[in-house]
Structure formats: structure tokens, C-alpha cells
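Here's the structure, in C-alpha cells; my notes come after.
A short reminder: the numbers here are calculations on the coordinates, not readings from a lab. Model, not experiment: these values are computed from the prediction. FYI the Cβ positions are ideal-geometry reconstructions off the backbone, even for glycines, and counts take in every protein chain you see.
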Amino acid sequence: MSNMNLDRRRFLWASSAIALAGASPALGWAGVAVPERSYPRPQLKAPGERVSLDQGWRFHLGDVPFPKIRGHGWSYANAKAGNAQGAASFEYDDSDWRELDLPHDWVVEGPFDKDENLAQGYRPRGKAWYRRALRLDPADRGKHLSIEFGAIATQATVWFNGSVVAHNWSGYNALQIDLTPFARYGDELNSIAVRVDADLMEGWWYEGGGIYRHVWLTKRAAVHIADDGVHADPRRDAAGRWTLPVVATLGNIGSKAEAVEVEAQLVDPWGKVVGAGRVAAEVPSLDQAEARLVLEVASPRLWSVDDPALYTVRTRVWRGGQQVDEAITSTGFRTLRFDPDQGFFLNDQSLKIQGVCLHQDHAGVGVAVPDSLWDFRLRRIKAMGANAVRCAHNAPAPEMLQAADRLGVLILDENRNFNPSPDYMRQLEWLIRRDRNHPSVFLWSVFNEEPMQGTEAGYQMVRRMVAAVKRLDDSRPVTAAMNDGMFTPINVSQAVDVVGFNYQPDRYDRFHAEHPNLPMMSSEDTSAFMTRGEWFTDRARNILAENDEEPSSWGTTHRKGWEAIAKRPFVAGAFLWSGIDYRGEPTPFEWPSASSFFGAMDLCGFPKMAFFLHRAQWIKDRPLLDLAPHWTWPGKEGQPIKVMALTNAEAVELRLNGRLISRQAVDPFVMPSWTVPYAPGRLEAIGYVGGKPVSKAVVETAGPPVALRLTPDRTVLTGDGADAAPITVEALDKAGRPVPTANLPVTFEIANGRIIGLGNGDPNCHEPEKGNARSLFNGLAQVIVQSEQGSSGVMRLSASAPGLRSAQVQLTVQPGALLAEPRTSPVSILSDWRMSPMASTRPDPLAKPADNDMNSWTWAKPGTLQDADPGGGFVLYRLVFTPRAKVRRGGGKLVFGRLTGPAEVYVDGVKVAAKPDAAAGALTMALPAKDGERTVAVLMAVAPGQPFGMGAPVVVEEVG
Ligand code: GAL
């Protein structure tokens, strides 16, 4: 068994991706690369067809119990398609629910509560509902319509027009649902209802709750490219020649097979078409077909972490000479290789993996992270010198992968649930299908630290999951993050391409010696604690100093963790736990600590000492030197302070107020440090290489804070209601120096924009993350602002604090629209009528079907006339409904769009309107305010041989 896969492990892996246009970065605050222009919107998979459905949702926190079904008639109706009850029903009155736009995480809006789960950040989770009305243009009839929920935390059921259309079993997977057979067009409206259960948990970290990724409506031709239906995966053969095999999966909802042509074009990073091909395909009715073509590509520019060159693949479907569908996919040309002795090679060049593990929540917004904030987070990670991210421990947001493609960050893409049974295998397969085009994705991980890793069952489970991955993508290696079990006779390491070690630096050598043909890497390491801006540990106050002297019992210090990996060429690299703090897992503390201490950056992305340490270790192409800690210690005069230089220089000289303290040679793993008796003033370090000064760092004692400063990550936003930017808040002394000890309350005001979240990186802080106030924590806070939909001009944020000069910042808002489905105001649509049998005499308007009679009274939907009856007579339509709250309170209008035949309308048994003539016509009447159910009956006279009925929707409109 130990021989399996050995040959495969030395293979080349090459692959591709979905991409975006790039923005040129410039250096900004704390070494962060800042794009000067607006954040580039992701290129849509199918321009003009994929429309955002993020706007105009109604939200209810808490469950809405289903009504208790009683009696035969109701039970019978409840069991039928389209007849979901309660908040899942088409008619449900959600008028008192909160209106909001997605993405949304309700958990981050909640209070901290000692009785809640520490792992989830001490916040209540619970259940909630979302609803949205959707008007589909009659011109969409005949198109293939699908809705995609990027992810819903944690489990959810989705109803469309009262029919269950999906259940999700993981908070990290997309739901892609074909709506076409259920759809209604024009004024009939459609209803989407989502019940979310976030009491269920999949992790031991903060997972948030709600529809926290984007929702898309995709409208495609009857013959179309399926969801995630393009696989464009460059290959390099043994002779070094590149090709791009393109596989398009096509669907057809038409009534007959369709002959189409599929065209693929490859566009280089400069916009030039550099390859094209066409192939014919026959797509059976209500089935799928694959179109395959291979494009020749001569000397492509390669994708790498330093030069992330992205190509675009345009896949078009032609039918009868007309283009009917198009998908835009990005791709990148690069090779991947893991060598058991020498580690990882990207494009045949050795590249030590300098990675970080990352959860997906950010300060202020929880897991509902705006696209541009993903861009910010990855820029922070690159600024630290990292070249890779491990998505711990779940499928990431697609926008994160788009940012990784564009910025040049390798991604270890991890599956959530370790389980090869069908429901869970579908999750894994979805992940591969969605992400297999991204050049940034370089490894799949099937699990993290599973107790079965050293057992035969674990081995058998992984074998099946690896095989499923390889069926969909044979271009990338598969790993599993093991924290034990790798020396048992049968274990998971025998079923993967690359063995991931979580911690265990002491086992690296033994494993390599015993398995010299197995590539290995650290999939997780370090887990050391730091509180940003704190330099003296105070366990009584849940504070751990930034000096890198606080490893967890299972981890190491940052210094030792990297040294063990850097010194072993056979360990392909590291994934530091963790890049950025996250909510939950406040190890080693409990309440009141609510978020983690592991990050090299805090929850806002503000750097801790570990950021500067790794930056100095990981970045080699420019001189770097930072000093820690700050030099503002009033009251500590004469007391010893540990001073550290974090540098890639060979030697560092330290001076205090001009006086030389000493010059030290640099051990890059340990870094120079001094114990300096504190004296206020100026601490200065000079870095030397080859005896020459190459870098300099200064920290100065700051005075009391007198003013605030706001520094935006970007100065230009798009006014699409989605683009967002973090803004750093600092306090300055009278000389304009940031005050690193300032912990003071700040309030904010915004014009022409909104604040979507606030944070300060303090894991012990319980201030709300929503609103307009936040305290600085050790000199820093963050405000995340977002543009309003349809806005342009100037967004102004101002910050004030008692006794300090306030600060203002202006951002330019450029006009720019998101392609979005308009908000649809919900109205009551009366659609579930019962119609009596044809009677020769005028029936009693109060008549109703017996509760157990499902057959003599039929169900009649407005919109279609009834067949002509040769004899004619009378019919009675009957419907019972509860008006929406506004109508119950203030009255409304009952509107019959078109009645064909003479008709009388009765509400609660009282005649309220009549239309004596037979011609088709509308009928409108007042519906007075009243609580509870209303019974509407329409008595219609039917002329022999004439069609009759309700030819258009019946609605109840709100008045006023
Ligand atoms: C690991 C685990 C991570 C995180 C980390 C904290 O065992 O994989 O998810 O919990 O420990 O040290």
C-alpha cells in the first residue's frame, strides 16, 4: 500500500481560473499595497445574464413556526406542490419584517452573552427567515432561470412559489437551483422563502448566520452553458508545449434536441485573441451534453505569485448562426510540482510556501465580507510577505479566489465535511467544479485533523474522496491536514499526494526518513498568542504580550515554527495559524475574550509583531526593518523594556536619543533584541548589509492625543451599493505622531454612504460592531464604509472624540451600477381559488366545499380562462386569505385584473361589487381595514359555449 501513488507524486500539475481585471497597487499605510482606483468589480461569468439578487430582502430574526395543520382539506392541500404553509407560503405576510440587502450575517449584529458558545464568539445564533418577491419579465419565458445562493449559514431550506426547491447541509456550499419549471411571469410575481437554522454548527470557530454570500439570478437561453459549466485547464506536455483543453457542459430545457456550435476564444492579458476553436454539439431535450475543444497556445505568459498574468476564456454557444449564450472564465498558465526532497515548484522554480491559514470573518461585518474587503485582506497578507492562504476549514467565498488570482496568492482550497457519503460527496464535487479553473488554487484538502486519520476507515474514506477530486480535476495534488496517525500501519497519508502536517515539527524528520518519496508540508503550525499593542502579559486581564513568548501547548513560537520549516527543504512550506484573528476560539482564555489571539494581524487586519517578524523573514527583495515595541511608556522611566528589531538586514545598530546601544548580527530566525531602560525620546535602528546601511526604523515617544486621523484604504469607491472600504482611525499627538496607547471613544458621522461595521482588534471588547461609535484599542480602530446604491460624488466620514480635534475624510464615489434585479414590492396575490361545479341555478354566495371533498370543487388559478361550457350556468369562486398587516390596519384595494363574464364579488358574505356585462374587464373595490381572515367569493354567470373566468391576477393593494 505504501507504494501507491508514488509515480503520480512526481507529476506536473497545471491548471487555470475565473478572473478579473487588475488594479495597480501602490504602497500605503503600514506597508499595505493600496489600489489608487476603485475596486475592480468581478467580471461576471455571463455578462448581461447573471444578475445580482442581493437587494430587497425581508428578514425575520427567530423561527416562524409552521401552522399546525388540521382537518382533511388543509392536510390534503398542504401536501401539494406550491402549497407550503406559514412563512414558506407564497402569500405569507412579511410586511412587518426588516428590509435589508445581502450579504447579511445576523449573528454579528447580536450582543455578547456569557451563556453562549465561546467557540462561536459568545454570540447568540438561532434561526431566522428571509423572503423576497421577484417579478420575472414575460420576455424571460422560455429562458433557463437559476438562482444561486453563494452560501447560507448554517443549514437552510429554500422554497420558491411555495415548493421546496433546496435543502443545504453545509454553511459553506453554494445552492444552485433551477427555477424554470416553477416560474411565473409578469404581475403574478414569484416568492422566495429561506429558513435558516444557525443553531447547527459545523465548526469550532465563528460561523455567522444568514445568507452571507451573494445571491445571483441567471437567465440563459433554453440551450445554455450549465452552472459552473466551463472547465478551462491549461496543460503543458513533456515537450513544453501548452494547450488549453476547454470542456463546456451544456443543458437544454427545450422540447427537442438542439444542434449547436460551441466556440472558445482565449484572450491574453492585453486583450488580444490568441487562440480560438469551434466544435459542434447535440444537446438532448432536458439533458446535458459536453462540448470539448483544445486550443493551442504558443509561449503563454505564465501566472505566478509575482506576476499573476490572467487570460480570459470566452465560451460561446451558437444556434442557427445566432449566439445564444456566453460564459467568461479566466485562466492562468502555470505548472505545479511537489518534490519529496526539495518541496514545491511553481513554473519549475522552487518556491517555499509562506502561507497563512484564514477563517472568513472580519471586524464589523462578520462573515458577510464585501468583495472589496477580500481584496483588502489578501493585500494585507501579501504585504506580510505571504504567498499562500489555506482556507480553514471550508470552501471560501468565490470573490476571495478572484482576488487571489488577480493579486497572486496561492490557495489551499479545503473541503469542510469529511464524509464520502452521497450528500457530502456532492459538497466536495461542487467545490472542485466551482474552483478548478482558478490558477491560484494549487492544492485541494479533503479534511482538517480528523480523528479517523490513522485508521483503515479514514484511509478508505480519503481514497474515495481523492478519487472524486481526480475525476473532476487531475491537475492538482490532494492533501489532508493530519495532526496525528501518520505512523500507523494504515493511514490517510497513504492516500494523498502531499501529506499535510498540523503542528508536530518533531515528526518532520522521522516521517521524511520513513517516507522519502512522499512530499510533505506544514498545513498548520505555530498557534502562538498575541494581543495587538500589548507588550506585557497580564493573564488576569486576558492580555498576552506581542513579544512572541506565548506559544500554545501544542504549537510553537512564531520564531521556532518558521525555523523548523525554513531549515528543511523537504518541508514544502508553512501555513501559519493564523494570518488574521477571527471571532471565537479565544484560547487560552474564556469570557470575556470573544475572539482569537492567534493572528499575525488582529480582526481588523492591523499588524502585530508577528506580521513584522514574518515580513522580515519572507520578503527578500527589498530591505526591511521594523522596531518593536512602540516607545511611549509614561511612568516606566528607567524600567527595562525589551526592544526587538525585525529585519532582513545582516546587522542592526540601535540608538536611544542618539546614543549607541549596540550593533548586533542578525539571526533571521531569532532576530536581534535588547533590554533598554526606558527614557522618552527617539529609538532608532539602522540595518546593515555588507557593512553598509540599507534600512532604518524609528519609534518616538508620543505625547497626549490631541487630534484624530482617518486614513482610508482606498480613496475612490464605486457607487453601486456594494463597494466598501476600511478606514483606519488613529489618535495623534500635537506633533502629529500616532499615540499607540490611546484607548478613547470615537463617534462617526457619514454623508453619502453608510457605515457597515466597526472594530478595533481587541479580543476582549464587547462594544457593538454596528452603529457609529467605537473606541480606539491601543491607538487604532477601523470603520468600514460602503457606497449607497446609485450614489456618486463625495462620501464624507467624520470622526470625533471628546477633547480632540475631529477628523474628516472624503472619498470619491464614481457612478457605477451593479447589474441587479430591481427590488419588488410584495403585494398580496390571491391565487389559490376553489371553483364550484357548474350549477344550473344561482348558488348561495356563502357556499363552500366540504372539507373532505377534494374533487367536486377544483383549484383555479387566475391568469387562464376556464374552458367554455356547452350548457352554461353559474360558478362560484372562493378564497380565504389574511391581508397583509398594512391592509388589515389601514384597508386596501381588491383588484381583479380581468373578469370575463358577468360577476358579483362578495367579501365575508357581503356583496361589495358587481360587473353586469359579459365582456372582459377589470373590477376594483375597497377592502376595509379588519383583522383576521377574509373570505372572498366571486359568483359568475356563464354563457353557453363562452370561455369565462379570471384572466389576470387578483391582487390586494395597499393604500396610502
Ligand atoms: C488546530 C485547528 C485549528 C485551530 C487551531 C488553534 O488544531 O486545526 O482550526 O483550532 O488548532 O490552535
What does the charge dipole of region 500-540 about its Cα centre add up to, to the nearest 20 debye, if the Cβ of each Lys and Arg holds +1 and the Cβ of each Asp and Glu holds -1?
40
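Provide Rg over Rh for region 835-905; use the alpha carbon set for both Rg and the Kirkwood Rh (inverse mean inverse pair distance). Mind showing how you got there, number by number?
Numbers: Rg = 14.4 Å, Rh = 14.5 Å.
Result: Rg/Rh = 1.00.
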Can you tell me which aspartates and glutamates have their Cα less than 14 Å from the Cα of LYS734? Leave out same-chain residues fewer than eight positions away.
GLU700
For all pairs of alpha-carbon atoms in region 697-807, what percent lies in each bin of width 10 Å, listed from the first bin to the last filled one?
15, 44, 30, 10, 1
Set of lysines with alpha-carbon distance to LYS143 below 21 Å, sequence-local pairs under 8 removed
LYS45, LYS219, LYS256
Measuring from the lowest to the highest alpha carbon on each principal axis, how far does the chain reach, largest first, in angstroms?
110, 71, 53
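Which of THR924, THR841, THR858 has the fewest other C-beta atoms within 10 Å, and how do the rest follow up to the most?
Working: THR924 11, THR841 7, THR858 14.
In order of increasing Cβ crowding within 10 Å: THR841, THR924, THR858.
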Euclidean distance between Cα centres, region 818-884 to region 305-341, Å
52
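Run the dipole for the chain about the Cα centre, Lys and Arg Cβ at +1, Asp and Glu Cβ at -1, nothing else charged, and hand back the magnitude in debye, nearest 20. Each step should come with its number before you reach the end.
Values: 103 positive and 110 negative charges, 252 e Å.
Here the chain has a charge dipole of around 1200 debye.
In what sequence, highest mean first, do 635-641, 357-363, 426-432, 383-389 appear when ranked by Cβ atoms within 10 angstrom? The partial results should precede the final answer.
Details: 635-641: 10.9, 357-363: 27.3, 426-432: 20.6, 383-389: 24.7.
Per-residue Cβ counts within 10 Å, averaged per peptide and sorted highest first, yield 357-363, 383-389, 426-432, 635-641.
May I ask you to derive the relative contact order of region 529-629, considering only C-alpha pairs under 8 Å and at least 6 residues apart, and to give it as an integer percent?
Working: 145 pairs, mean separation 24.1, N = 101.
Worked out over region 529-629, it gives 24 percent.
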Under 16 Å from a point 7 Å along the Cα-to-Cβ line of TYR185: which residues of region 250-277 have their amide N that close?
253-255
FRET efficiency for ALA817 and LEU286 from the Cβ-Cβ distance with R0 = 22 Å, rounded to 0.05, comes out at 0.05
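With a sphere of radius 10 Å drawn around the Cβ of GLY162, what net charge do the other residues whose Cβ falls strictly inside it have (Lys, Arg +1; Asp, Glu -1)? The partial results should precede the final answer.
On the way: positive: LYS80; negative: GLU91, ASP832.
Net of charged neighbours comes to -1.
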Aspartates and glutamates with Cα under 14 Å of LYS352, excluding same-chain neighbours fewer than 8 positions away
ASP306, ASP339, ASP341, GLU563
From the C-alpha coordinates alone, can you work out the Kirkwood hydrodynamic radius of region 195-297, in Å?
17.0
Net charge over other residues, Cβ less than 15 angstrom from the Cβ of ALA914 (K, R count +1; D, E count -1):
+1
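Restricting to DSSP H runs of at least four residues, report the calculated mean residue ellipticity at 222 nm for the chain, -39500 (n - 2.57) per run over all residues, nearest 500 deg cm²/dmol.
Details: 10 runs with 97 residues, N = 960.
Computed ellipticity for the chain at 222 nm equals -3000 deg cm²/dmol.
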For region 371-486, report the % of Cα-Cα distances exceeding 21 Å.
37
Of the listed links LYS272/LYS620; LYS127/LYS893; LYS80/LYS127; LYS80/LYS861, those spanning more than 24 angstrom between alpha carbons are LYS272/LYS620; LYS127/LYS893; LYS80/LYS127
For a protection proxy built on the mean count of beta-carbon atoms within 10 angstrom, sort 621-627, 460-466, 219-225 highest first, please.
219-225, 460-466, 621-627
Ranked output for segments 228-234, 105-111 by mean other Cβ atoms within 10 Å, highest leading, reads 228-234, 105-111
With the 8 Å Cα cutoff and a minimum separation of six or more residues, the chain has a relative contact order in percent of 10
Zone of ASP844's modelled label, taken as backbone nitrogen in region 905-922 under 20 Å from a point 7 Å along Cα→Cβ
905-912
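Per Stokes-Einstein, at 10 °C and 1.306 mPa s, what whole-number D in µm² s⁻¹ belongs to region 734-877, with the Kirkwood radius over Cα pairs as the hydrodynamic radius? Working shown, then result.
Details: Rh = 21.8 Å.
D, rounded to a whole number, is 73 µm²/s.
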How big is the gap, in Å, between the Cα center of region 429-489 and the Cα center of region 50-116?
36
